[in-house]
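Asks: Submitted below is the structure of interest, expressed as structure tokens.
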Number of protein chains: 2
Amino acid sequence: MEAATSNKTVILKRYVTGVPSEDDIEVVTAEAPPLVVPAGSAAVVVKNLYLSCDPYMRIRMTRHEVPNFIPDFIPGEVLANNGVSKVLSSGHPDFKAGDLVWGMTGWEEYTTISNPESLFKINHPEIPLSYYTGVLGMPGLSAYVGFFEVSKPKKGEYVFVSAASGAVGQIVGQLAKIAGCYVVGSAGSDEKVNLLKTKFSFDDAFNYKKEPDLEAALKRCFPEGIDINFENVGGATLDAVLPNMRPRGRIVVCGMMSQYNLERPQGVRNLFYLVSKSLRMEGFLVFNYYGMYRRFEEEMAGYLRDGRVACVEDIADGLDSLPAALVGLFSGRNVGKQLVAVAALD
Amino acid sequence: MEAATSNKTVILKRYVTGVPSEDDIEVVTAEAPPLVVPAGSAAVVVKNLYLSCDPYMRIRMTRHEVPNFIPDFIPGEVLANNGVSKVLSSGHPDFKAGDLVWGMTGWEEYTTISNPESLFKINHPEIPLSYYTGVLGMPGLSAYVGFFEVSKPKKGEYVFVSAASGAVGQIVGQLAKIAGCYVVGSAGSDEKVNLLKTKFSFDDAFNYKKEPDLEAALKRCFPEGIDINFENVGGATLDAVLPNMRPRGRIVVCGMMSQYNLERPQGVRNLFYLVSKSLRMEGFLVFNYYGMYRRFEEEMAGYLRDGRVACVEDIADGLDSLPAALVGLFSGRNVGKQLVAVAALD
């Protein structure tokens with residue numbers, strides 16, 4: 001039986017304006033919750049092992065007048081995101097102490113989860129558990145459903161992925177290769193570009209920070225044009241993509257990371273190409289596809305086992321590193337999927 | 001046998017920058033072409049009865065460095081667009097003198113059409129022939145395929161149509177009612193708004209020129225949000241629509257008329273709603289759906305016969321009125337489908 005008197009927690013200090021800084025976030029030591037679920041409760045108490053840092057969290061750090069697709073964080077409260085956890089105590093029939101799960105948890109050592117139905121039991125503990133924050137978790141499922149379900153790829157099509165070395169992008173590229181597509185990615189450093197070409201089997205890649213003209217860079221990489229754009233950044237990248245699309249192309253919008261720190265989003269000017277090239281641009285929320293998770297988990301576990309999909313993680317150590325790890329996403333400091341190791345599986 | 005010594009023609013004088021003016025267009029009397037097709041030719045010679053004025057023509061009046069979806073007009077040459085014509089002479093087995101057709105023709109009295117395969121024979125000459133430039137022609141088919149094939153409406157859905165009294169918008173609204181939807185339109189004058197409500201059976205309508213806040217106007221008209229946006233204008237209208245969309249809504253982009261006169265298109269800022277509301281935004285070109293024309297013609301002829309679809313035309317008289325009629329589209333001078341009557345059917 002685990003015992004704890006304190007619980008290190010990561011809280012939002014204040015709503016964020018512009019680029020988030022470590023000062024917006026605070027690590028506070030609180031009293032530990034009871035590590036045993038009270039009688040009659042259907043909650044579970046978990047010990048968090050790995051916590052995921054994802055760009056979409058930035059959206060929750062600003063106050064929205066109109067309810068957004070996901071609730072805003074509240075200053076003074078513990079931040080939350082997906083993580084890998086061990087169940088310490090369960091009042092829920094589907095879970096028992098010792099189970100390994102992934103799902104929405106608190107940015108802290110110990111979390112009481114009152115809706116454990118939202119958690120997934122980990123079926124492949126032989127794979128590094130941290131992968132359940134990335135390739136086998138929400139980012140991997142985003143790549144999978146965005147690429148296969150939304151873009152509906154055909155063999156031989158030309159695929160462009162922005163933020164391609166990130167948690168989602170690196171998986172999209174490899175799935176595109178599995179689907180028989182030609183895939184080019186963009187990233188923000190030569191190191192990341194190299195990773196795309198050597199580790200993630202992209203056919204080509206470029207460092208967008210070194211390209212004075214993004215539209216021309218895409219034209220150079222796609223002389224025949226782009227069939228599928230997997231959009232992770234939005235803004236100027238999307239504007240450069242539109243004239244390079246092929247007729248009946250598809251733009252899957254997974255995120256618009258370049259816009260999250262802006263008070264007012266950038267305008268995208270080239271939308272008439274939607275008409276002149278008969279394009280489909282479609283956004284999606286991965287939460288709506290959680291029903292596909294088990295099918296995805298088995299398929300992806302197979303790809304990992306066979307070496308057809310590789311992943312690169314950027315693992316920071318300890319809860320104290322969470323503020324810097326989250327903020328670093330927006331300067332591109334991370335190389336690969338950013339997460340934090342909070343505790344070892346004992 | 002028709003005889004003619006002269007052919008009044010409407011030519012583009014110069015490439016247009018900004019808002020087109022009548023000075024950009026010139027009416028010139030040229031020599032008449034031979035009104036009999038030479039032996040061995042598969043062309044047809046037609047006498048034009050009605051010529052259509054459509055906003056997309058503006059796109060062809062600017063020079064494009066990169067080929068567009070449709071060729072640019074050439075200064076000094078006769079303008080072209082869809083019209084209703086009578087075949088005077090035919091070298092093509094599918095047509096004979098006396099046939100009534102609609103399709104791409106010249107802005108002139110007599111035109112030699114070298115690819116008559118692009119013409120449609122008119123199967124319902126009992127309906128006013130001018131309707132084949134509108135409700136039974138390209139704009140009607142645009143409304144039909146954009147609404148039914150692209151947006152895929154369900155009974156009870158909320159539909160918004162911009163430029164709703166125009167050639168396409170008026171038909172979309174009535175098809176939406178036939179599909180059991182709730183439909184609201186916007187237009188640029190109280191007269192047009194009145195037409196939407198009384199003649200075209202829109203559930204509600206507003207004059208966008210009187211609304212200081214388009215987003216708020218849409219919120220007022222759609223307290224539950226919009227399922228389907230049939231987009232004809234783009235720019236600020238599209239930006240106001242996006243926050244008002246319901247989850248899994250569809251934006252069918254038929255045109256972006258507000259942008260055609262701009263050197264640089266306006267930026268659309270609210271695109272992140274594509275993600276947060278899982279929206280699909282899709283453009284289309286009606287030419288790609290011409291294979292459906294016969295099915296459409298029969299269905300629409302039935303609606304017209306039964307009084308389920310009405311149409312309002314703005315018919316100018318004579319070739320000399322073509323420059324003003326075309327230019328007037330961009331100031332909203334026309335009420336309903338703009339066309340020009342060139343010659344009577346004799």
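Asks: Using a label position 7 Å from Cα in the Cα→Cβ direction, what is the ascending list of nm distances from residue A:15 to the same site in the other copies?
Replies: For residue A:15, the inter-copy label distances come out at 4.8 nm.
Asks: Nearest 10 degrees is fine. How inclined is helix A:169-178 to the longest principal axis of chain A, computing both from alpha carbons?
Replies: The helix A:169-178 is inclined about 60 degrees to chain A.
Asks: Pick from B:208, B:50, B:132: which is most flexible by mean-square fluctuation in a GNM of chain B where alpha carbon atoms under 10 Å apart are linked?
Replies: B:208
Asks: Please turn the phi angles of the range A:253-268 into ³J(HN,Hα) values with the Karplus equation 6.51 cos²θ - 1.76 cosθ + 1.60 (θ = phi - 60°), one per residue in order, whole Hz, x for glycine and proline.
Replies: 9, 8, x, 9, 4, 5, 9, 5, 9, 8, 5, 10, x, 5, x, 9
Asks: Let a ≥ b ≥ c be the square roots of the eigenvalues of the Cα gyration tensor of the range A:255-346; is it rounded (a/c under 1.5), or, if not, prolate (a/b larger than b/c) or oblate?
Replies: Because a/c hits 1.5 or more and a/b fails to exceed b/c, the range A:255-346 counts as oblate.
Asks: Another question about this same structure. About the Cα centre of the range A:129-235, how large is the charge dipole given +1 on each Lys and Arg Cβ and -1 on each Asp and Glu Cβ? Please answer in debye to the nearest 20.
Replies: 240 debye
Asks: I'd like the orientation of helix A:293-306 relative to chain A: the angle between its Cα long axis and the longest Cα principal axis, in ° from 0 to 90, rounded to 10.
Replies: 70 degrees
Asks: For B:94, A:239, A:54, A:203, which order do you get if you count the other beta carbons within 10 Å of each Cβ and list the fewest first? Kindly include the intermediate steps, with their values, before the conclusion.
Replies: On the way: B:94 13, A:239 20, A:54 24, A:203 17.
Fewest-to-most ranking of B:94, A:239, A:54, A:203: B:94, A:203, A:239, A:54.
Asks: Which of A:189, A:142, A:278 moves most in a GNM of chain A, Cα contacts under 10 Å?
Replies: A:278
Asks: When chain B is turned about an axis onto chain A, which of its residues keeps its C-beta closest to that axis, and how many Å is it?
Replies: Smallest Cβ distance to the axis, with its residue: B:267, 1.
Asks: Cross-link partners among aspartates and glutamates for residue A:96, C-alpha distance below 15 Å, same-chain residues fewer than 8 apart left out?
Replies: Leaving aside aspartates and glutamates fewer than 8 places away in the same chain, those within reach of residue A:96 are A:2, A:117.
Asks: Across the residues of B:50-63, average count of Cβ atoms on other protein chains within 10 Å?
Replies: Across the residues of B:50-63, the mean count of other-chain Cβ atoms within 10 Å is 0.
Asks: Over the residues of the protein assembly as shown, compute the C-alpha Rg and express it relative to 2.2 N^0.38 Å. Could you put the intermediate results ahead of the total?
Replies: Values: Rg = 29.8 Å, N = 692, 2.2 N^0.38 = 26.4 Å.
Compared with the compact-globule rule of thumb, the protein assembly as shown sits at 1.13.
Asks: Please work out the C-alpha center-to-center distance from the range A:225-287 to the range B:1-54 and express it in whole Å.
Replies: That distance is 41 Å.
Asks: Give the shape of the range B:205-298 as rounded, prolate or oblate, defined through the alpha-carbon gyration tensor: a ≥ b ≥ c are the square roots of its eigenvalues, a/c under 1.5 means rounded, and otherwise the shape is prolate if a/b is larger than b/c and oblate if not. List each step's numbers first, then the result.
Replies: Numbers: a/c = 1.65, a/b = 1.40, b/c = 1.18.
Taking the square roots of the gyration eigenvalues as a ≥ b ≥ c, the range B:205-298 is prolate.
Asks: Less than 14 Å apart at the alpha-carbon level, and either on another chain or at least 8 residues along: which aspartates and glutamates does that give for residue B:121?
Replies: Counting by Cα, and skipping residues close in sequence, residue B:121 has these aspartates and glutamates nearby: B:94, B:99, B:297, B:298.
Asks: So what is the diffusion coefficient of chain A in µm² per second by Stokes-Einstein at 10 °C and 1.306 mPa s, using a Kirkwood Rh over Cα pairs?
Replies: This corresponds to a translational diffusion coefficient of 76 µm²/s.
Asks: Hey, what D do you get for the range A:19-63 in µm²/s if you plug the Kirkwood alpha-carbon radius into Stokes-Einstein at 4 °C and 1.567 mPa s?
Replies: 91 µm²/s
Asks: Put a point 7 Å out from Cα along the line to Cβ at residue B:302; what are the distances to that point in the other copies, in nm, shortest first?
Replies: Result, one decimal in nm: 4.6.
Asks: When Cβ neighbours within 10 Å are restricted to other protein chains, what is their mean count per residue of peptide A:245-256?
Replies: Partner Cβ neighbours, averaged per residue: 2.
Asks: With only Lys, Arg, Asp and Glu charged, each at its Cβ (+1 for the first two, -1 for the last two), find how big the charge dipole of the protein assembly as shown is about the Cα centre; round to the nearest 20 debye.
Replies: 660 debye
Asks: Compute the FRET efficiency between residue A:117 and residue B:42 as 1/(1 + (r/R0)^6), taking r as their Cβ-Cβ distance and R0 = 41 Å, and round to the nearest 0.05.
Replies: About 0.05, to the nearest 0.05.
Asks: Within 10 Å of each residue's Cβ, count the other Cβ atoms and sort A:133, A:17 from fewest upward.
Replies: Least crowded to most crowded, the residues run A:17, A:133.
Asks: Here's something else I'd like to know. Residue B:97: net charge of surrounding residues, Cβ under 10 Å, Lys/Arg +1, Asp/Glu -1, itself excluded?
Replies: 0
Asks: Is the C-alpha gyration tensor of the range A:60-185 telling us rounded, prolate or oblate? Criteria: a/c under 1.5 is rounded; beyond that, a/b larger than b/c is prolate, otherwise oblate.
Replies: oblate
Asks: Let me ask something else about it. Can you give the calculated 222 nm mean residue ellipticity of chain A, where each DSSP H run of n ≥ 4 adds -39,500 (n - 2.57) and the sum is split over every residue, rounded to the nearest 500 deg cm²/dmol? Display every interim value, and only then the final one.
Replies: Values: 9 runs with 69 residues, N = 346.
Value at 222 nm, helices only, nearest 500: -5000 deg cm²/dmol.
Asks: Expressed in nm², what is the orientationally averaged projection area of the convex hull enclosing the Cα positions of the range A:1-132? Mind showing how you got there, number by number?
Replies: On the way: hull surface 36.3 nm².
For the range A:1-132, averaging the hull's shadow over all directions gives 9.1 nm².
Asks: Principal axes first, then extents: for the Cα atoms of the range A:116-194, list largest minus smallest coordinate on each axis, whole Å, largest first.
Replies: Extents along the principal axes, in whole Å: 40, 30, 21.
Asks: Going by C-beta contacts inside 10 Å, put B:154, B:47 in order with the fewest on the left.
Replies: On the way: B:154 11, B:47 19.
Neighbour counts put them in this order, fewest first: B:154, B:47.
Asks: I would also like to ask the following. In Å³ and rounded to a whole number, note down the convex hull volume per residue for the Cα atoms of the range A:168-234.
Replies: Value for the range A:168-234: 86 Å³ per residue.
Asks: Sorted from shortest, what are the nm distances separating the label point of residue B:287 from equivalent points in the other copies, each placed 7 Å from Cα along Cα to C-beta?
Replies: Spelled out, the distances from residue B:287's label point are 4.3 nm.
Asks: Run the reach check for residue A:8 against aspartates and glutamates, Cα to Cα strictly under 12 Å, same-chain hits fewer than 8 apart removed. What comes back?
Replies: Excluding near neighbours in sequence, the set is A:26, A:31, A:108, A:109, A:320.
Asks: When you look at the Cβ of every residue in A:281-293, what mean number of other chain Cβ atoms sits within 10 Å?
Replies: Per residue, the number of nearby Cβ atoms from other chains is 3 on average.
Asks: Can I ask one more? Past the 24 Å Cα-Cα mark, which pairs from B:177/B:337; A:152/A:177; A:177/A:210?
Replies: A:177/A:210
Every read-out reported here was derived from the displayed coordinates using simple, explicitly stated rules and does not represent laboratory data. Bear in mind that the values here come from a model prediction, so they are computed numbers and not experimental data. Because the Cβ atoms are built from the backbone with ideal geometry, glycine has one as well, and the counts that use them run over all protein chains shown.
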